[in-house]
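The structure appears below as structure tokens.
The values are calculated or read from the model by the stated rules, or taken from the named source; none is laboratory data. This structure is a prediction, so every number in the text was calculated from the model and none was measured. So basically every Cβ, Gly included, is an ideal-geometry build from the backbone, and we count neighbours across all protein chains shown.
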Amino acid sequence: MNNTYHPLILLAGRVLIASVYLVAGVRKLMGFAGTVGYFTKLGFPAPEFVTVLAIIIEIGGGLLLVFGWKTRWAAWLIALFTLIAAFAAHRFWEIADPGQYANQMNHFLKNMAIVGGLIFVGTFGPGRASVDKG
């Protein structure tokens with residue numbers, strides 16, 4: 001990898017990706033009962049446990065990305081989480097309504113793009129502006 005980039009560029013990328021998860025995790029925590037209900041509707045087993053797990057992954061993983069500590073591990077974990085979320089919550093292929101089909105397909109593809117960004121972080125690391133330093 002070419003190390004001529006400014007270290008704050010990779011930090012900005014990590015912070016932007018992490019912001020999605022930090023906000024989502026805090027919202028799940030603040031609306032715990034509603035999140036449990038949503039996971040129940042999606043058919044997850046043990047929805048209370050899944051809600052707690054999602055909150056831990058989103059807030060904990062988001063903070064790890066921001067600080068750049070255990071970054072590669074966190075990026076792969078969040079990528080797997082996002083992949084599961086995309087296939088569980090954005091099943092556009094099951095929707096007949098054209099508007100909802102397009103909406104869910106956009107959310108699914110957005111999740112796939114984020115997974116792509118996390119694969120880069122998981123592969124190349126956090127950069128020098130991190131606790132991991134590379």
Any residue in the range 113-131 that's farther than 13 Å from residue 5 by Cβ: show its pairings with residues that are modelled with pLDDT of 95 or more and of a type in the set (Ser, Thr, Tyr) at Cβ separation under 6 Å, as long as the two are six or more apart or on different chains. 114/82; 115/82
Matching residues in the range 61-114 - criterion: being among the small types (Gly, Ala, Ser), surrounded by 15 or more Cβ atoms within 10 Å (Cβ to Cβ) and either part of a helix (DSSP H, G or I) or modelled with pLDDT under 95 (or both): 61, 62, 74, 75, 79, 85, 86, 89
Please verify whether the range 88-96 includes one or more residues that are charged (D, E, K, R), touching a Phe, Trp or Tyr at 6+ places or on another chain (Cβ under 7 Å) and more than 19 Å from residue 132 (Cβ to Cβ). no
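Is the range 40-57 home to any residue that is closer than 28 Å to residue 7 by Cα and not hydroxyl-bearing (Ser, Thr, Tyr)? Working first, answer last.
In the first step, residues of the range 40-57 are kept if they are closer than 28 Å to residue 7 by Cα; the result is 56-57.
Still in the list and also not hydroxyl-bearing (Ser, Thr, Tyr): 56-57.
Taking every residue of the range 40-57 in turn, at least one turns out to be closer than 28 Å to residue 7 by Cα and not hydroxyl-bearing (Ser, Thr, Tyr).
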With criteria (1) without any contact (Cβ under 8 Å) to a residue 60 or more places away in the chain; (2) closer than 16 Å to residue 15 by Cα, residue 102 comes up short on (2)
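For (1) surrounded by 19 or more Cβ atoms within 10 Å (Cβ to Cβ); (2) at pLDDT below 95; (3) out of contact with any helix residue (DSSP H, G or I) (no Cβ under 8 Å at 6 or more places or on another chain); (4) over 19 Å from residue 72 (Cβ atoms), each residue gets a yes or a no:
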{"position": "14", "(1), (2), (3), (4)": "yes, no, no, no"}
{"position": "17", "(1), (2), (3), (4)": "yes, no, no, no"}
{"position": "20", "(1), (2), (3), (4)": "no, no, no, no"}
{"position": "24", "(1), (2), (3), (4)": "no, no, no, yes"}
{"position": "39", "(1), (2), (3), (4)": "yes, no, no, yes"}
Flag if residue 131 is assigned to a helix (DSSP H, G or I) and of a type outside the set (Phe, Trp, Tyr): no
